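The values are calculated or read from the model by the stated rules, or taken from the named source; none is laboratory data. Just so it is clear, the structure is predicted and the values come from calculations on it, not from any experiment. Backbone-built Cβ (ideal geometry, glycine too); neighbour counts: all protein chains shown.
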Amino acid sequence: MAVFFLIFLVVVILLFIASINSRGYSNKVEKLESLNEKLQWKEQQLDNREMNISNRERELSELKNEISKLTKNIKSAKKEYNDILKSTADILKNKDSELAIFEESYRPTLVSSLIPLKIDDKLTSSEVRNKLVIFRDENKDLVKNNSVEFYKTFDSKLEKSNLQKKILLLFNSEVAGLLNKLTLSNINSIRNKIVTSYERANKLFKNDGVQISRQYFEYKLNELDFNYQYLVKKNDEKEQQAAIKEQMIDEAKAQKELEKEQRRIEKEQRKFNNELDKTMKYLSKSTDSIQSEIYAEKIKELEAKIKELESDKANVTKRLANTRAGYVYVISNIGSFGDNVYKIGMTKRLNPLDRVNELGSASVPFKFDVHAMIFSDDAPTLENHLHKVFADKSVNKVNSRKEFFNVTLKEIEKEVLDNFDATVEFTEYAKAEEYRRSLELREE
């Protein structure tokens, strides 16, 4: 019985242990199943990710292919663009060349139709100014109604009017500025700049359909010519006044010198006449034949001097009475002006070399050489004749009163001898001592 109980107890214990083991295994199975489910879920996620990666890789590959195609297209487009750009540049270059040729061929026509610039020597600056006023008055209608031309229709009168104001403001302001800069030496430069201004304004407004008219352009160029004529006349009058003033100073000096010379001669005459009277008295009282001969010889000398003084006084009196008497001089200055450049002038000074020395005192670096000194009872006429004959050879084409001419001395000599009766001596060689000495010192 006890054995049976023990066996029963052992069986119960074994069953209890088996029961316990059975529950642990079940738990492990559940855990394993749970882990398996998680693993399957993870595997599913991994598969999904792999699928996504595969899809992304496929999309990336497609994008790379697309980028490659686009890159090729871009390269092709760039090449085509560069080809078009080069072709366009060549076309524009050819067009620019054609335009330049056209403009050069067209430009002369802009100037060729102008009224030739003629300056009337008889007109004064005031008369030229009046002619400009009359010219402007005669062209009022042109300025008001025909200054611009239109080449297209406009949406409104205001638009048309504004464009007209703009192009005229541009052109007129530029021309006004250029006219203010006009001098005796830049007429051609200013005219060309007005032509350029006209062309530039028309190019700027070409697409707007408005242009400065040809008539108005020519009107402005004629205005330029009138302004230039006015400047020339004002300068001529200024030079003329300066020449008159210089001539008056020269004549005043000549008058003073002649009067002084006249007083000197009269004083000398009184002196020698008194001495002659005394000598004649001595002779009348002399009883010594030798002494008488001495007195007689002295009387002859005094009479000769008195006669010479009378001749000098007659010449001075004649020159005082004849205001046109004077000297025409021909002088040169190689060091200052070079060879074959001569100044032909006139002076009424008693000693004409005084005037020549004045000319070479401060205005030029070297003294003048005298080639001829011609006394004439009508010196102004002789001087004017020579100036007219050699006018085309004047060094200063603007101011003829400068009296310098690019001629040979032979030409001057021939003209003087053909038109002047008295004997005149010409000295061809120019000493130019200071100039030649300066060259020697420079070489040393």
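Just for region 195-216: of the residues that are touching a Phe, Trp or Tyr at 6+ places or on another chain (Cβ under 7 Å) and not aromatic (Phe, Trp, Tyr), which one is surrounded by the fewest Cβ atoms within 10 Å (Cβ to Cβ)?
GLY209
Name every residue in region 396-432 that is at positive phi and at pLDDT 80 or above, in order of residue number.
Scanning region 396-432 gives a single hit, GLU403.
Looking at region 169-194, which of its residues are loosely packed, with under 12 Cβ neighbours inside 10 Å and under 11 Å from the mean Cα position of the chain (by Cα)?
Scanning region 169-194 gives LYS181, THR183, SER185, ASN188.
Quick one: what pairs do we get from region 275-288, first residue within 11 Å of LEU302 (Cα to Cα), second of a type in the set (A, V, I, L, M) and part of a helix (DSSP H, G or I), C-beta under 6 Å, 6+ apart or different chains?
GLU275/LEU302; LEU276/LEU302; THR279/ILE299
Would you check if there is a residue in region 260-283 being at pLDDT below 85 and either loosely packed, with under 15 Cβ neighbours inside 10 Å or not assigned by the TED database to the domain that holds SER311 (or both)?
no
Let's see how each residue does on (1) buried (at least 17 other Cβ atoms within 10 Å of the Cβ); (2) in contact (Cβ under 8 Å) with a residue 24 or more places away in the chain; (3) under 22 Å from GLN255 (Cβ atoms):
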site	(1), (2), (3)
THR347	yes, yes, yes
ASN357	no, no, yes
ASP369	yes, yes, no
ASP418	no, no, no
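TYR230 versus (1) among the hydroxyl-bearing types (Ser, Thr, Tyr); (2) closer than 30 Å to LYS140 by Cα; (3) without any contact (Cβ under 8 Å) to a residue 12 or more places away in the chain: which is the lone unmet condition?
Result: TYR230 fails condition (3) only.
Does PHE375 satisfy the criteria of being in contact with an Asp or Glu (Cβ under 7 Å, 6 or more places away or on another chain), farther than 13 Å from VAL407 by Cβ and either among the hydroxyl-bearing types (Ser, Thr, Tyr) or not in a helix (DSSP H, G or I) (or both)? So that I can check it myself, show each step before the final result.
Details: in contact with an Asp or Glu (Cβ under 7 Å, 6 or more places away or on another chain): no; farther than 13 Å from VAL407 by Cβ: yes; either among the hydroxyl-bearing types (Ser, Thr, Tyr) or not in a helix (DSSP H, G or I) (or both): yes.
It is false that PHE375 is in contact with an Asp or Glu (Cβ under 7 Å, 6 or more places away or on another chain), farther than 13 Å from VAL407 by Cβ and either among the hydroxyl-bearing types (Ser, Thr, Tyr) or not in a helix (DSSP H, G or I) (or both).
For the structure I just gave you, tell me whether LEU353 is free of Cβ contacts under 8 Å to residues at least 24 places away in the same chain and either in a helix (DSSP H, G or I) or of a type in the set (Asp, Glu) (or both).
In short, yes.
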